[in-house]
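Chemist: The structure under discussion is supplied below as structure tokens; questions concerning it will follow.
Only the coordinates and a few stated rules stand behind these numbers; no lab work does. Keep in mind the model is a prediction, meaning the values are calculated, not measured. No Cβ is skipped: glycine too gets one built from the backbone with ideal geometry, and neighbour counts run over all protein chains shown.
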Amino acid sequence: MTRSPVAAHRGGAGRRGGAAALAVLVLFLWPALLPPRPARAGDASCKDDAITTVVKTRLAADRLIGQFLIEVTTSECVVTLSGCVESRDQVRRAKELAKRLVRVRVKNELKVCTIAPRRTKTTRH
């Protein structure tokens, strides 16, 4: 069996060297592959009022669930949705919209009601 000029130049240690290089690369890139940690109270990135405003705006603008009265509160980067909607799909949609924010957890307390309260012109934001 003849060795290629590249393998002969490496002295046959090409595979071990490649594995070591890969291990070092993974070691340094691993933190970048992990999801960001949730924000905690007191972190500069956790602005509860701003989070609440963004979530309320997204919910109100959505054509499926914007018509329902959904209460949004935020504490320590945990968004709580409460109120009534008319289907489980609407419950899921509301949670999806709230979860689009980075480093935010969502506590979904929405209920499916036969007749869910709807927004009127006086109840907008």
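Chemist: Would you mind giving the average projected area, over all directions, of the Cα convex hull of region 48-123 in nm² with one decimal?
Modeler: 4.6 nm²
Chemist: Could I ask something else about it? Scan region 47-98 for trypsin sites (Lys or Arg not before Pro) in coil per DSSP, keeping those whose Cβ has at most 15 other Cβ atoms within 10 Å, and list them by number.
Modeler: On the way: sites: LYS47, LYS56, ARG58, ARG63, ARG88, ARG92, ARG93, LYS95; in loops: LYS47, ARG63.
Loop-located and lightly packed - LYS47, ARG63.
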